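Colleague: Pasting a structure here, questions to come.
The values are calculated or read from the model by the stated rules, or taken from the named source; none is laboratory data. Only a predicted model underlies this, so the values are computations on that prediction, with no experimental measurement involved. Ideal geometry is used to build each Cβ from the backbone, glycine not excepted, and the neighbour counts take in all protein chains shown.
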Amino acid sequence: MATRSPSVVINDDGPGYDLDLFCIPNHYAEDLEKVFIPHGLIMDRTERLARDVMKEMGGHHIVAVCVLKEGYKIFADLLDYIKALNRNSDRSIPMTVDFIRLKSYCNDQSTRDIKVIDTIDTGKTTQTLLSLVKWYNPKIVKVASFVGYRADFAGFEIPDKFVVGYALDYNEYFRDLNHVCAISETGKAKYKA
């Protein structure tokens, strides 16, 4: 059994990046504190995750399951990179795709209830998803996650802050933001459910 792939660690005390250094939609300008993960870094890390998946899973038929809604961007980008590797390398992965929805947050608090409707954002959500998947008796189960939480293929470990962007939302807002950013208290109040 292969070990978990390392992730890019964004330190808790890291300053992040000033919003002025990036293209941020004007309607979110007052709602964000800083950029934690710029879009270019997200894309480069996702490409590397695709290589790691190919290395470990190449030759096995896989069913790639997207956890909606927050998982759609990383899922689509990861599959695009895997498809490019399938076309341009000696190894390839036969692949089918499916989708599931889980939701466990309202505002920035866990509801403690998980409904089969959004992303692997807590260990509890991951465990619930894996118990659902195991019911189908898969031969191998591997978890790829944009942010940590004991995934086999993890993109980033981030500070313990509520983040938005790159499809990560706050009450359905900020999915259209390319970068991963810390939401401000002003933003939380403005978009509170």
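Colleague: Which of the residues that make up region 149-174 are at pLDDT below 90 and on the phi > 0 side of the Ramachandran plot?
Modeller: Scanning region 149-174 gives Y149, R150.
Colleague: Before we move on, is E33 within 16 Å of the chain's Cα centre (by Cα) and either charged (D, E, K, R) or in a loop (DSSP other than H, G, I, E, B) (or both)?
Modeller: Judged against the criteria, E33 is not a match.
Colleague: Since T111 meets every condition but one in (1) under 17 Å from the mean Cα position of the chain (by Cα); (2) at pLDDT below 70, which condition does it not meet?
Modeller: If we test T111 against (1) under 17 Å from the mean Cα position of the chain (by Cα); (2) at pLDDT below 70, just (1) comes out false.
Colleague: Look through region 71-104, keep the residues that are within 17 Å of L132 (Cβ to Cβ) and part of a loop (DSSP other than H, G, I, E, B), and return whichever of them is nearest to the chain's Cα centre (by Cα).
Modeller: G71
Colleague: Further question: So which of Y166, Y136 is surrounded by 19 or more Cβ atoms within 10 Å (Cβ to Cβ) and among the hydroxyl-bearing types (S, T, Y)?
Modeller: Checking each option against the conditions leaves just Y166.
Colleague: Here is a further query. With (1) at pLDDT below 90; (2) in contact with a Ser or Thr (Cβ under 7 Å, 6 or more places away or on another chain); (3) surrounded by fewer than 13 Cβ atoms within 10 Å (Cβ to Cβ) as the list, and L102 as the residue in question, which single condition is left unmet?
Modeller: Here L102 meets the rest and fails (3).
Colleague: Evaluate the following for I93: is it among the β-branched types (V, I, T), surrounded by 15 or more Cβ atoms within 10 Å (Cβ to Cβ) and either modelled with pLDDT of 85 or more or out of contact with any helix residue (DSSP H, G or I) (no Cβ under 6 Å at 6 or more places or on another chain) (or both)?
Modeller: Yes, satisfied.
Colleague: Let me ask something else about it. Give the residues of region 36-55 that are surrounded by fewer than 18 Cβ atoms within 10 Å (Cβ to Cβ) and over 18 Å from the mean Cα position of the chain (by Cα), sorted by residue number.
Modeller: Of everything in region 36-55, just one residue is surrounded by fewer than 18 Cβ atoms within 10 Å (Cβ to Cβ) and over 18 Å from the mean Cα position of the chain (by Cα), namely K55.
Colleague: From the list A193, A144, exactly one residue is in contact with a strand residue (DSSP E or B) (Cβ under 8 Å, 6 or more places away or on another chain), at pLDDT 80 or above and under 16 Å from I62 (Cβ atoms). Which is it?
Modeller: A144
Colleague: Before we move on, is R45 of a type in the set (K, R) and modelled with pLDDT under 95?
Modeller: In short, no.
Colleague: Tell me, please, whether a residue that is closer than 25 Å to I93 by Cβ, surrounded by fewer than 17 Cβ atoms within 10 Å (Cβ to Cβ) and of a type outside the set (D, E) can be found in region 28-35.
Modeller: No; the residues of region 28-35 include none that is closer than 25 Å to I93 by Cβ, surrounded by fewer than 17 Cβ atoms within 10 Å (Cβ to Cβ) and of a type outside the set (D, E).
Colleague: If you don't mind, another one. Restricting to strands (runs of 3 or more DSSP E) lying wholly in region 129-193: which have 2 or more residues that are within 17 Å of D77 (Cβ to Cβ) and aromatic (F, W, Y)?
Modeller: Filter on region 129-193 gives 153-157.
Colleague: List every residue pair whose Cβ atoms lie under 7 Å apart, where the two residues are 6 or more positions apart in sequence or sit on different chains, the first residue falls within region 4-22 and is farther than 16 Å from G155 by Cβ, and the second residue, located anywhere, is of a type in the set (D, E) and in a loop (DSSP other than H, G, I, E, B).
Modeller: D12/D160
Colleague: Every residue in region 56-70 that is closer than 25 Å to G40 by Cα and either part of a loop (DSSP other than H, G, I, E, B) or among the polar types (S, T, N, Q) (or both), please.
Modeller: Listed by number, the residues that qualify are K69, E70.
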